[in-house]
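> Structure provided below as C-alpha cells; questions to follow.
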Amino acid sequence: MASTLLKRTSFSAMKSVVGGFQIGAQSRAYAAAAVGTDLVSAAPNVSLQKARTWDDGVSSNFAATPLKDIFKGKKVVIFGLPGAFTGVCSAQHVPSYKNQIDKFKAKGVDSVICVAANDPYVMNGWANSLEAKEAIEFYGDFDGSFHKSLELDKDLSGALLGHRSQRWSAYVVDGKVKTLNVEEVPSDFKVSGGDVILGQI
C-alpha cells in the first residue's frame with residue numbers, strides 16, 4: 001500500500017501494467033522525497049519547462065522556470081504522472097484535478113500543477129486536448145532531472161516509454177512537502193488523485 005510517509009527502500013522485481021502493457025519492471029514504492037522535504041533544496045539547479053507552443057519556446061529563448069518561482073511563498077498542489085497522452089493519465093488523473101479546481105481554490109491553493117517527463121510542447125498539446133489549461137498549470141520535465149532528484153523516476157522501457165515518472169501527488173507550502181502520495185505501480189490510481197489530496201489539505 002502506498003503511504004504518505006515515504007522513505008528509501010530497496011528495489012524488488014515485479015510485474016506491472018502501464019497503459020495496457022504488462023511489463024517486467026523494478027519497483028520502488030517509496031521515494032527519497034518525504035514529508036518535510038524542501039523541493040527547491042532537494043533539486044538544486046533544476047528547472048521545469050512550462051507548457052507552450054514551439055513558437056513560444058523560440059520567442060522565450062527556451063526559458064525554463066526555476067523551482068523557487070513555482071513553490072516559494074505559495075501553496076501548491078502538484079501531481080506527477082508517467083506521460084502525456086497515456087491511458088490512466090488522460091482518462092483519470094488529470095480530470096480528477098481539473099473537475100475539482102474550485103474546491104482546491106476554496107482551500108487556499110494558489111496553483112495546481114501537472115508535471116511529466118515530456119517536453120513542454122507535448123505537454124501543451126496534451127493540455128489543450130484535455131481542455132485543462134485554464135484550471136491546471138502543465139510543466140515538462142524534459143530530461144527527468146526533477147523526478148530523478150526526488151527519486152520519483154521510473155524506468156518504463158517495457159512499455160516503450162523509457163525513463164519516466166512514477167504516479168504521485170503532493171501538497172507543498174512555501175517549497176516544503178506537507179503531504180506526499182506515491183502509487184505502488186504507475187498503472188494504479190488509488191492515492192494520487194484529486195479526491196485524496198483534497199482531504200489531506
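> Taking the simple approach of a point 7 Å from Cα along Cα-to-Cβ for both residue 38 and residue 99, what is their distance in nm?
3.9 nm
> Could you work out how much longer the chain between residue 56 and residue 92 gets when fully extended? Use 0.36 nm per residue separation minus the Cα distance between them, nm to one decimal. Please report the intermediate quantities before stating the final value.
Working: separation 36, 0.36 × 36 = 12.96 nm, distance 2.88 nm.
Length gained, residue 56 through residue 92: 10.1 nm.
> Sticking with this structure for a sec: Given a cut-off of 18 Å, name the pairs among 68/176; 75/190; 72/148; 68/133; 50/105 whose C-alpha atoms lie farther apart than that in the structure shown.
Over 18 Å apart, Cα to Cα: 75/190; 72/148; 68/133; 50/105.
No lab work stands behind these numbers, since they all come straight from the coordinates. Computed from a predicted model, the values in this text were never measured in an experiment. Ideal geometry is used to build each Cβ from the backbone, glycine not excepted, and the neighbour counts take in all protein chains shown.
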